[in-house]
């Protein structure tokens, strides 16, 4: 049969005290005697002592408060907690801690008196307790179960027991309300210097310290009501600790590697058969990612101070909870009104999948790059956008051979991670492209992009390479039914040809007499792929190819950093051979065909990407040429 009062609280918090306040064999002493004024304290109050110049190695210290023996509990590395008993003499009194080189703290003890009835004094406590809310619904159910048990105990207390509880609450109103309102500043929380994952780790730590404060409240009385007060406060702190632990597990990322240009960094050159290729003193755009995983149990040996602290308080939490759950079971079976749920442990994952994350500006600020080679100089490295690195490397002096092969060294450090590595690179001398002329005498400026030479303007020739005339077709019906080569201007207006060049059907592009000037050809699918890959991939290459003007708004990120200088010349569409898209998009032929259709590449005003499409051979598209 269960006993009348909730003596389970005595067992529960006696166990808390045995665990949290268990002493170590090692003696501890302050390097210099401490003699300080502690100010006013009150009977039934939990008092915090800050010993900033002392690192506490024990969990428990014995002290003398006047002529009373007291136990001081280690709260944090330089904090002690103790309780002022109701029997402590009033007036001036000294606390002496012999094992800390007779540290002496002077207090003035005052009595805690009620100005209202116990129920009136406790009313704010019940309000704040009922307002506690966790993100996890299961934790809220457990909390409600604890509140119901506490209410059952409170309703069966005598007036004397309610009075002792009310005195306890009044003496520790700030501490208790901070626990209930999730404000752990009393236990050392410092939000000013903590953000993100470090803030969650700090909150987890201080919530665990809040459990210890709840345990100290147990020491202040003998009635079950005071035990219940300590129990429910420790339960709330436990809930917040588990909640912050969950946040840490969700967002803590351990970064352990770099991947650039789809090549994973390594410390072993022989394992790499691929290089990141650069042109001398030419900016290259490439993808940049970090290799990441979540925090897991094996990180307990990570030397980062924040991770060391997190595991310290994670282990402290589980050490307490493992021990008390057996006692909770016993109490529930033997004490009336006892219906407390077992407290869940904090479980660290043992495995975590590796993921690739695009580097953002915050990540990039934690990365440093270098090239250690007598013939190479790292000119610049900037983040163009999330996951896109712009880098320029220059050949200096006279290298023995070309390309120059070396490594791009990198290092990364943040609050949780620190690593370094290298990526194999090769730097080629810059390609010289010059200018070219077609059979009509039109002059075309060219640009070196990676290892390729591209024309910077669209083709505007009216003859094949052998001098044969390409028909100029303006009639839409005739154009629509062509199976041989032809060209036109956009909207059949020669003014558009000055800016955008001519539009050709695929039959002209594929004619064996040759459409491109001598030494150049119509780009293949591989040519386009090489171009977009060098510029960082199809998702971003378009912005680096587009002219900075001439496009409709919004012209998405038009840097023209490649020098390709694309303008939106539109097209002659399949339906009724109508003209469409000028100022919105540009479309160029690719040499590959697929049955009755052929491939093309296009840029749009509102996108950074370059797209590959398959369409009718009868449409009229622009043409760019690439050096053989």
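Against the conditions (1) modelled with pLDDT under 85; (2) crowded, with 23+ Cβ neighbours inside 10 Å; (3) farther than 20 Å from residue 343 by Cβ, residue 165 satisfies every one except (1).
Condition check ((1) within 17 Å of residue 558 (Cα to Cα); (2) touching a helix residue (DSSP H, G or I) at 6+ places or on another chain (Cβ under 8 Å)) across all residues:
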position	(1), (2)
588	no, no
593	no, yes
597	no, no
600	no, no
603	yes, yes
612	no, yes
617	no, yes
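For the range 294-314, does any single residue satisfy the condition of being assigned to a strand (DSSP E or B), in contact (Cβ under 8 Å) with a residue 12 or more places away in the chain and buried (at least 22 other Cβ atoms within 10 Å of the Cβ)?
Looking only at the range 294-314, we keep the residues that are assigned to a strand (DSSP E or B), and these are 294.
Adding the requirement that they be in contact (Cβ under 8 Å) with a residue 12 or more places away in the chain leaves 294.
Adding the requirement that they be buried (at least 22 other Cβ atoms within 10 Å of the Cβ) leaves none.
Checked against the condition, which is being assigned to a strand (DSSP E or B), in contact (Cβ under 8 Å) with a residue 12 or more places away in the chain and buried (at least 22 other Cβ atoms within 10 Å of the Cβ), the range 294-314 yields no hits at all.
What residue, among those in the range 438-487 that are in contact with a helix residue (DSSP H, G or I) (Cβ under 7 Å, 6 or more places away or on another chain) and part of a strand (DSSP E or B), is surrounded by the most Cβ atoms within 10 Å (Cβ to Cβ)? Give the steps one after another, and end with the answer.
Kept after step one, since they are in contact with a helix residue (DSSP H, G or I) (Cβ under 7 Å, 6 or more places away or on another chain), are these residues of the range 438-487: 449-450, 452, 458, 460, 470, 473-474, 476, 479-480, 482-487.
Now restrict to residues that are part of a strand (DSSP E or B): 449, 452, 487.
On the way: 449: 25, 452: 18, 487: 23.
So the residue we want is 449.
Residue 542 satisfies every condition listed in (1) modelled with pLDDT under 90; (2) surrounded by 21 or more Cβ atoms within 10 Å (Cβ to Cβ); (3) within 20 Å of residue 384 (Cβ to Cβ) except (1). Taking the conditions exactly as written (buried (at least 17 other Cβ atoms within 10 Å of the Cβ), closer than 23 Å to residue 345 by Cβ and modelled with pLDDT of 85 or more), does residue 170 satisfy them or not? Judged against the criteria, residue 170 is not a match.
Residues are listed down the side, and each one gets a yes or a no for (1) over 18 Å from residue 536 (Cα atoms); (2) under 20 Å from the mean Cα position of the chain (by Cα); (3) surrounded by 17 or more Cβ atoms within 10 Å (Cβ to Cβ); (4) not assigned by TED's automatic domain parsing to the domain that holds residue 281:
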| position | (1), (2), (3), (4) |
| --- | --- |
| 387 | no, yes, yes, no |
| 392 | no, no, yes, no |
| 396 | yes, no, no, no |
| 403 | yes, no, yes, no |
| 406 | yes, no, yes, no |
| 417 | yes, yes, yes, no |
| 422 | yes, no, yes, no |
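If you go through the range 408-430 and keep only what is touching a helix residue (DSSP H, G or I) at 6+ places or on another chain (Cβ under 7 Å) and assigned to a strand (DSSP E or B), you end up with just 424. Among residues of the range 75-111 being crowded, with 20+ Cβ neighbours inside 10 Å and without any contact (Cβ under 8 Å) to a residue 40 or more places away in the chain, the one that is farthest from residue 45 (Cα to Cα) is 97. Cβ-Cβ distances below 6 Å connect the following pairs, each with a first residue in the range 112-128 that is at negative phi, a second residue that is loosely packed, with under 14 Cβ neighbours inside 10 Å and assigned to a loop (DSSP other than H, G, I, E, B), and a separation of six or more residues or different chains: 121/114.
The values are calculated or read from the model by the stated rules, or taken from the named source; none is laboratory data. Quantities reported herein were computed from a predicted structural model and do not represent experimental measurements. Virtual Cβ from ideal backbone geometry, glycine too; neighbours counted across all protein chains shown.
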